[in-house]
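Encoded as structure tokens, the structure appears first; notes follow it.
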Amino acid sequence: MVDIAANLKRVQRRIWEAAERAGRDPSEIALVAVSKLQDAEAILAAYDLGVRHFGENRVEEASDKIPGVNSKLAQRGGIPPTWHMVGHLQSRKAKRAVELFDIIESVDSLRLAQEINKRCERKVMHVMLEVNVSGEASKYGFHIGKEGEREEFFEAVEGILALPHLKVQGLMTMAPIVSDPEETRPIFRRLRELRDELRGRFPESDWPHLSMGMTDDYEVAVEEGATMVRIGRAIFESL
Ligand SMILES: *Cc1c(COP(=O)(O)O)cnc(C)c1O
């Protein structure tokens, strides 16, 4: 049996301690429990322990789980949690993603943003822009490493900010897998610096959020300014 309560306590304490070390207010950091591969029972257990943000990475799986979890909660008089799409999204699944999720963290092209916008009808969709800071070929996200790539990214941002149904909340990244979490620090720092640059270039959006940090590196991410950490294994598995 996985002790989700003990896991959550540990994760929350470590987030709190990392925030303290950085002189930050721990209450400004949202814990997103990444519930991919978890069943409704595990999700509801985490909800009952106070988790109000959940992340899923596949539209099909989310389609099987989210409506069921939300209706179970509604029967108990509970308010639904905030559902985050954190995985790569194909344009043809944008419509379903808009129906299921409250925020899409993985917007990685102007084309995808346009498709989401088109599918919103009267809804305003909260989105984050995924940035591939490390430039690894295995990862999705906007590349920003080379001068030309940065300019292309800024052009895409301009186009995305002009879409009437989208509200851009900030940036998301995944750090490379490394043996020492300290090695991820420059990646998280670069995402924060990029956010600061975007605030200067595009002040029409306030760029409030940085979604960064997973099971192996969330403490470093919090020290570097994360406002959302996306944690799966440290909550739902016995490590
Ligand atoms: C799975 C996943 C996570 C959580 O990863 P853990 O290592 O289990 O904490 C976070 N973000 C994304 C995009 C994921 O796919």
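Side notes on the structure shown:
- Once backbone amide H atoms are built at 1.01 Å from N, VAL107 has MET128, GLU130 as its partners under 5 Å, excluding neighbours fewer than 5 places away on the same chain.
- Burial ranking of peptide ranges 224-232, 48-56, 138-146 (average Cβ count within 10 Å, highest at the top): 224-232, 48-56, 138-146
- Computed 3J(HN,Hα) for segment 25-36, one whole-Hz value per residue from the Karplus formula 6.51 cos²θ - 1.76 cosθ + 1.60 where θ = phi - 60°, is 7, x, 6, 8, 10, 8, 8, 9, 7, 7, 9, 4, glycine and proline marked x.
- Relative packing of 152-164, 106-118, which averages over residues the other C-beta atoms within 10 Å, highest first: 106-118, 152-164
- Gain on full extension, evaluated as 0.36 nm per residue between GLU147 and ARG199 minus their Cα-Cα distance, stands at 16.8 nm.
- Estimated vicinal HN-Hα couplings, Hz - segment 99-111 in sequence order (Karplus 6.51, -1.76, 1.60; Gly, Pro = x): 5, 8, 9, 9, 8, 10, 8, 10, 6, 10, 7, 4, 4
- Ranked by how many other beta carbons lie within 10 Å on average, peptides 205-215, 75-85 from highest: 205-215, 75-85
- Rh (Kirkwood; distinct C-alpha pairs) - segment 101-148, Å: 11.8 Å
- Whole-Hz couplings from phi, Karplus 6.51/-1.76/1.60, listed for segment 67-81; x for Gly and Pro: x, x, 5, 4, 6, 4, 5, 4, 4, 8, x, x, 7, x, x
- For the chain, the solvent-accessible area of protein heavy atoms averages 48 Å² per residue (probe radius 1.4 Å; ligands and nucleic acids excluded).
- Accessible-area composition of the chain, carbon plus sulfur, in percent [1.4 Å probe]: 49 percent
- Shape index of the chain: Rg/Rh, with Rg the Cα radius of gyration and Rh the Kirkwood radius from the inverse mean 1/r over Cα pairs, equals 0.95.
The values are calculated or read from the model by the stated rules, or taken from the named source; none is laboratory data. Computed from a predicted model, the values in this text were never measured in an experiment. Glycine gets a Cβ as well: all are built from the backbone with ideal geometry, and neighbour counts include every protein chain shown. Protein only, heavy atoms only, side chains kept; ligands, DNA and RNA dropped before computing areas. Shrake-Rupley method; radii C 1.70, N 1.55, O 1.52, S 1.80 Å.
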